[in-house]
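To start, the structure itself, in structure tokens.
The values are calculated or read from the model by the stated rules, or taken from the named source; none is laboratory data. Values in this document were obtained by computation on a predicted structure and should not be read as measured data. A quick note on method: Cβ atoms are made from the backbone with ideal geometry, for glycine too, and the neighbour counts reach across all protein chains shown.
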Amino acid sequence: MSRPIIKKVVGLAGLLGFQGVLGWYMVKSGLSEELMSTPGAVPRVSHYWLVAHLGSAFLLYSGMFLTGLQILRDSKIAYDSFPKGVARILANPSLNKFRRLAICVAMLIFLTSMSGALVAGLDAGLIYNEFPYMGKSIIPPKSELFSKAYARLGETSLWRNFIDNPTTVQFDHRVLAISTFCAITALWLYSRRLMLPPNARLAINSVLGVSCLQVTLGISTLIYMVPLPLASAHQAGSLTLLTTALYLVHTMRRIPIKI
């Protein structure tokens, strides 16, 4: 392995250990003596630790996936088998904006996935099982979005509604999901104006296709009141969507070889 790859692998190994520590704290949060001493109590982990554990898992997976792709590309470059035509296309400065937008979309997908973890941790998908409305309007009543019941003792701000209020958490996830889908669609439309390598063209088409499937799964999971098979497919879809977005980012990286 090259020196940069060794550093990345060591970092991933450290992140793997950190992921185990987060998992231990997450499980511990659902097995408190106070909770388990209650007759008929059901273990329930903290949604904070759930998001942290899932987030570190996604980061670990992303790091391993991108490192593996880099190793495969470096191997082609080392054996002079990387297509020179693709290298010339990627060296075009007109692709810089698309390259940055692809990274932003990948980050937005990750953020939306984490908001979905909050929805799962709070069982927020079991309320307002309709789409696009939440009750009588697209936006639920302000009294439900910002309730003082979620402010801790002594707090005057209502910021905790964004992480503790199931209504607000579901609404935020809806907004992020729709924003992500619109951003992906806009990126795909923008890509039609550019000359992309074949694998990058395949990647952006895959991102759009998976996003359509993911939105369908999300709405179906909601209106059918979160059946386990649909909920599992929706969670798997979020990782699949992130994977295709990361592959797009990888395919747009410049090639450090002489053309």
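Could you say which residue among S206, S238, S211, S232 is crowded, with 22+ Cβ neighbours inside 10 Å, free of Cβ contacts under 8 Å to residues at least 60 places away in the same chain and in the same structural domain as A117 (by TED's automatic domain parsing)?
On the way: S206 fails: crowded, with 22+ Cβ neighbours inside 10 Å; S238 fails: free of Cβ contacts under 8 Å to residues at least 60 places away in the same chain; S232 fails: crowded, with 22+ Cβ neighbours inside 10 Å.
Answer to the selection: S211.
Would you call F162 assigned to a helix (DSSP H, G or I), surrounded by 17 or more Cβ atoms within 10 Å (Cβ to Cβ) and of a type outside the set (V, I, T)? Don't jump to the end; show me each part of the working.
Numbers: assigned to a helix (DSSP H, G or I): yes; surrounded by 17 or more Cβ atoms within 10 Å (Cβ to Cβ): no; of a type outside the set (V, I, T): yes.
In short, no.
Looking at the range 172-195, is at least one residue more than 28 Å from L248 (Cα to Cα), among the basic types (K, R) and surrounded by fewer than 18 Cβ atoms within 10 Å (Cβ to Cβ)? Give the derivation first.
Taking the range 172-195 as the starting set, the residues that turn out to be more than 28 Å from L248 (Cα to Cα) are none.
No, every residue in the range 172-195 fails to be more than 28 Å from L248 (Cα to Cα), among the basic types (K, R) and surrounded by fewer than 18 Cβ atoms within 10 Å (Cβ to Cβ).
Only one residue in S32, S75, S37, S56 is touching a residue at least 40 places away in the same chain (Cβ under 8 Å), in the same structural domain as S2 (by TED's automatic domain parsing) and on the phi < 0 side of the Ramachandran plot, so which one is that? If you could, list the steps in order and put the result at the bottom.
On the way: S32 fails: touching a residue at least 40 places away in the same chain (Cβ under 8 Å); S75 fails: touching a residue at least 40 places away in the same chain (Cβ under 8 Å); S37 fails: touching a residue at least 40 places away in the same chain (Cβ under 8 Å).
The conditions single out S56.
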